[in-house]
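The values are calculated or read from the model by the stated rules, or taken from the named source; none is laboratory data. Just so it is clear, the model here is predicted, and its values are computed rather than measured. Counting neighbours? That spans all protein chains shown, and the Cβs are built from the backbone with ideal geometry, glycine included. What goes into the accessible areas is simple: the full protein's heavy atoms, side chains included, and nothing from ligands, DNA or RNA. Shrake-Rupley method; radii C 1.70, N 1.55, O 1.52, S 1.80 Å.
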Amino acid sequence: MNRILRGAVVALTALLAPVAALAEPAVTEFELDNGMKVVVIEDHRAPVVTHMVWYRFGSADEPPGKSGIAHFFEHLMFKGTDEIPEGAFSKIVAENGGSDNAFTSYDYTAYFQRIAADRLEIVMKMEADRMVDLVLTPEIVATERDVIIEERNQRTDNSPQARFQEQFDAALYMNHPYGIGVIGWRHEIEALNIDDALAFYKAYYSPDNAILVVAGDVTPEEVKSLAEIHYGPVPPSGVHPAPRPKEPPHLAARRLEMADPRVGQPYVMRSYLVPTLKSGEDPREAAALAVLSRILGNGISSRFAAALEREQKVAIDTGSWYYATARDENEFGIYAVPAPGHSLDEAEAALDAVLAEVIASGVTEEELARVKWLIRSAEVYEADDQSQLARKYGRALAVGLTVADVQGWVDLVDSVTAEEVRAAAEKYLVLERSVTGHLLTAEAQ
């Protein structure tokens, strides 16, 4: 059976490699005179475009005591300008057959529209307009602040899992702002006012803090012409987010336990502080960690699923995660949901046993081949989705990576060796760099 599986992986990898080469999109990049970076991803299969503006700041760049303002301002950007009536931005996009939205992360804030290619200028003009001419009043800010507070009520305060995650992240990051949730602390949200909003807007919402990504049925020449007309006249602010606080060395393992009567299914979770593709000195370590994460906890063939779910039957769900695309050191996480009759301590011990085995004996060539194939196949599928392509390039450039970094990622992963994966586990998956959390029902205390 192992020989059959190994042969299947080799055959699928061989078949997929030329497909990946054919799927590689044409990508062009340039910069406007005001410092705005532009990336054009050509996809002429349908007369549709995805237009995205990525600002190179997120919740981790907020002024001290003003947590939540990056996400708060994302909401305010959908208010009116001197040319667009209040609340009309999304309505105009919809009337032209498109859709729009936005999102805020720790490292960036992004706004996007998906619309027919011949309507690109409409959304570009509106996006450029709200970059510089947003109209805010104390009443608008106060009303939207109430919306944000209610969002926090629903998504965080009324969710034991979200409250646990908030406390968990605060324990993992001793000094870095990644330890504060994107939505912000409630007491700081409640204090935000129009002066805070306008100061944040004037400082950071400028072309020299932005990246324009346009993917779809366009040419670089078309995008450049439109961008110079609409974004070109917007003056740069010359103000960029301040350097972030750095994490001190982590010297002691930390543990967190939280109970809530609303918890229906307890689980154990652990995160380790690890380098990312941007923060690390060696990009191969980030690639090795990405491979390791999939080997440990991605799907039914993963190490955790095989050991905890199928063999020992101490867990009903397991997994792991790692985000290579972040500006600073980030987390490598693992979790297990214990099976009925088994405790969180048993599940945690079983996770540790798998990690110890990987560190001692490494991973197999079969595991390595399977995961590399999964990563490459995911890239192929992503290349078939115009919006995902725009997000992939925008996300990478927003944290300081390059187009070459994006295009070289799969080849970098392909070159990772089994020993590099084992070495990454030994170096970074150590308890001194970690926080372990137990979320349980109140009755189980």
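Details
- Test set (1) part of a helix (DSSP H, G or I); (2) open to solvent by less than 20 Å² (accessible area, probe 1.4 Å) - Ile211 fails condition number: (1)
- Flag for Val371 being surrounded by 14 or more Cβ atoms within 10 Å (Cβ to Cβ), aliphatic (A, V, I, L, M) and at pLDDT below 95: no
- Selected residue (only one of Met77, Met36 is closer than 30 Å to Pro245 by Cβ, crowded, with 23+ Cβ neighbours inside 10 Å and not aromatic (Phe, Trp, Tyr)): Met36
- Residue check for Asp352: open to solvent by 50 Å² or more (accessible area, probe 1.4 Å) and more than 30 Å from Arg255 (Cα to Cα): no
- Tyr272 vs. criteria among the hydroxyl-bearing types (Ser, Thr, Tyr), at pLDDT 95 or above, open to solvent by 10 Å² or more (accessible area, probe 1.4 Å) and in contact with a strand residue (DSSP E or B) (Cβ under 7 Å, 6 or more places away or on another chain): no
- Scanning segment 433-445 for residues that are modelled with pLDDT of 95 or more and either more than 25 Å from the chain's Cα centre (by Cα) or not in a helix (DSSP H, G or I) (or both) turns up Ser434, Val435, Thr436, Gly437, His438, Leu439, Leu440.
- Lone qualifier among Pro241, Pro261, Pro248 - being touching a residue at least 12 places away in the same chain (Cβ under 8 Å), crowded, with 16+ Cβ neighbours inside 10 Å and either within 26 Å of the chain's Cα centre (by Cα) or assigned to a loop (DSSP other than H, G, I, E, B) (or both): Pro241
- Considering segment 177-203, the residues that are in contact with a strand residue (DSSP E or B) (Cβ under 9 Å, 6 or more places away or on another chain) and of a type outside the set (A, V, I, L, M) include one that is farthest from Arg155 (Cα to Cα), namely Tyr201.
- Segment 120-160, subset in contact (Cβ under 8 Å) with a residue 60 or more places away in the chain and open to solvent by 60 Å² or more (accessible area, probe 1.4 Å), residue farthest from Ala227 (Cα to Cα): Val147
- Candidate set: segment 374-396, residues that are part of a helix (DSSP H, G or I) and among the charged types (D, E, K, R); chosen: the one modelled with the lowest pLDDT: Glu382
Yes/no per residue for (1) crowded, with 21+ Cβ neighbours inside 10 Å; (2) in contact (Cβ under 8 Å) with a residue 24 or more places away in the chain:
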{"site": "Gln312", "(1), (2)": "no, yes"}
{"site": "Asn330", "(1), (2)": "yes, yes"}
{"site": "Ser343", "(1), (2)": "no, no"}
{"site": "Ala360", "(1), (2)": "no, no"}
{"site": "Glu365", "(1), (2)": "no, yes"}
{"site": "Gln388", "(1), (2)": "no, no"}
{"site": "Thr402", "(1), (2)": "no, no"}
{"site": "Asp405", "(1), (2)": "no, yes"}
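- Every condition in (1) open to solvent by 20 Å² or more (accessible area, probe 1.4 Å); (2) in a loop (DSSP other than H, G, I, E, B); (3) touching a Ser or Thr at 6+ places or on another chain (Cβ under 9 Å); (4) not hydroxyl-bearing (Ser, Thr, Tyr) is met by Ala326 except one, and the failing one is (1).
- The sole residue among Glu151, Glu166, Glu188 that is over 22 Å from Met77 (Cβ atoms) and modelled with pLDDT of 95 or more is Glu166.
- Residue match in segment 278-298 (condition: of a type outside the set (Asp, Glu), at pLDDT below 95, out of contact with any strand residue (DSSP E or B) (no Cβ under 8 Å at 6 or more places or on another chain) and in a loop (DSSP other than H, G, I, E, B)): yes
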